[in-house]
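Step one of this worksheet: look at the structure below.
The values are calculated or read from the model by the stated rules, or taken from the named source; none is laboratory data. Since this is a predicted model, take the numbers as computed values, not measurements. Positions of Cβ are backbone-derived with ideal geometry, glycine not excepted, and every protein chain shown enters the neighbour counts.
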Amino acid sequence: MKSLDEIKKENPFLVPDGYFDQLESEVMSKVRMEQKKNHRRRIYTISVAAAAVVALLVAINVWIFLPENNSQNTELAEEGSNNSNILLASGGDYGVLSNGEALPAVDFEASDLDNVDYQILDYYSDEMSQLDLLY
Amino acid sequence: MEPIKDQDILDLFGQEKTKEQGFNLLVKKYKQEIYYSIRHLVFSHEDANDISQNVLIKIWKHLDQFRGDAGLKTWIKKICVNESLTFLERKKKMLNIIDEEGYNDYITKTVAEDRFLSSDKIQQLLEQAIQLLPEKQRAVFTLRYYDEMPYEEMTKIFGGSEGGLKASYHFAVQKVEEFLSKH
């Protein structure tokens, strides 16, 4: 026999029983694990970004309310500074915006910082718990 | 039962809520074709299984980049061929076989001892002849001979010209027929 045309074209390979069902279920299982990993990664990234934003806002507020900055800021308000709308806390009940508008001063406690952190962590803990239930 | 349409797969895959469902349909439709394309190149069931899983995971990760320049089937086959050729190159280095005779002996032994091969002697001889082809030529031969893929589609997998691929296929046929005549 010399020619390829003389040979019956057929699949020469055998596979173990149930192989293709097993292949499908193994692959789908790996894909679901990838999905789960990606969700957790996204939640973590968002949490870190949110925490960074909160930390920045807190830092700005702390800086504003520092004693050495308070008197300076009050002076700036009295001078009618051109700084864009910054809420100024003076020793009294009201602060004055650069546009002359009076707003109530915010009573700020250091413990408020802790509450903000815990609220953020609680929110994302709930999100992650939801994902565990789903998968 | 109606065959699953590629466009349905792509539509489902394209939305986050139905992405997994779309991919599952793709797996159901193409798993055998993927496996046998790879198996024709790498021969061993265990190797073909590993590579098939890698190919399917790659498809999961990159199907959103499919642009439809070639059909979905051709796009999938291209991944199968590339992964298989990469695997074969690595394996050859690992085996450290430097002469042709040594390699031929290795192939003969591998085919003879495989438990997942047809008991038909002619099919075994044909498979041996195919495994002795250079890797890329083997890929061209198996896609044309077993899948009957048009040369135009094959250019999307291998690049080059249709003429070049036709020549490659005909050289492969000559080698296979020469081997069969001697055995």
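Some values worked out for this structure:
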read-out	value
Residue match in segment B:3-12 (condition: without any contact (Cβ under 8 Å) to a residue 60 or more places away in the chain, within 11 Å of another protein chain (Cβ to nearest Cβ) and surrounded by fewer than 17 Cβ atoms within 10 Å (Cβ to Cβ))	no
Failed item in (1) part of a loop (DSSP other than H, G, I, E, B); (2) modelled with pLDDT under 90, with residue B:102 passing the rest	(1)
Any hit, segment B:141-150, residues being loosely packed, with under 15 Cβ neighbours inside 10 Å, under 24 Å from residue B:31 (Cα atoms) and outside the structural domain of residue B:8 (by TED's automatic domain parsing)	yes
Residue A:11 of a type outside the set (D, E, K, R), within 13 Å of chain B (Cβ to nearest Cβ) and not in a helix (DSSP H, G or I)	yes
Hits in segment B:111-123 (condition: out of contact with any Asp or Glu (no Cβ under 7 Å at 6 or more places or on another chain), surrounded by 14 or more Cβ atoms within 10 Å (Cβ to Cβ) and farther than 15 Å from residue A:9 by Cβ)	B:114, B:116
Residue among B:59, B:76 that is under 29 Å from residue A:30 (Cβ atoms), without any contact (Cβ under 8 Å) to a residue 40 or more places away in the chain and surrounded by 12 or more Cβ atoms within 10 Å (Cβ to Cβ)	B:59
Residue match in segment B:13-26 (condition: in contact with a helix residue (DSSP H, G or I) (Cβ under 7 Å, 6 or more places away or on another chain), basic (Lys, Arg), buried (at least 16 other Cβ atoms within 10 Å of the Cβ) and under 27 Å from residue A:16 (Cβ atoms))	no
Some residue of segment B:24-45 being more than 14 Å from chain A (Cβ to nearest Cβ), in contact (Cβ under 8 Å) with a residue 60 or more places away in the chain and of a type in the set (Ser, Thr, Tyr)	no
Elements of type helices (runs of 4 or more DSSP H) in segment B:1-85, at least 3 residues being under 21 Å from residue B:146 (Cα atoms)	B:19-42, B:45-62
Given (1) surrounded by 15 or more Cβ atoms within 10 Å (Cβ to Cβ); (2) within 25 Å of residue B:114 (Cα to Cα), number of the condition residue A:21 does not satisfy	(1)
Tabulated pairs, segment A:10-33, first farther than 15 Å from residue B:53 by Cβ, second part of a helix (DSSP H, G or I) and among the hydroxyl-bearing types (Ser, Thr, Tyr), C-beta under 9 angstrom, 6+ apart or interchain	A:11/B:36; A:13/B:35; A:13/B:36
All positions within segment B:117-138 that are in a loop (DSSP other than H, G, I, E, B) and within 17 Å of the chain's Cα centre (by Cα)	B:132, B:133, B:134
Subset tally (residues that are under 24 Å from residue A:36 (Cβ atoms) and modelled with pLDDT under 95) for segment B:22-50	0
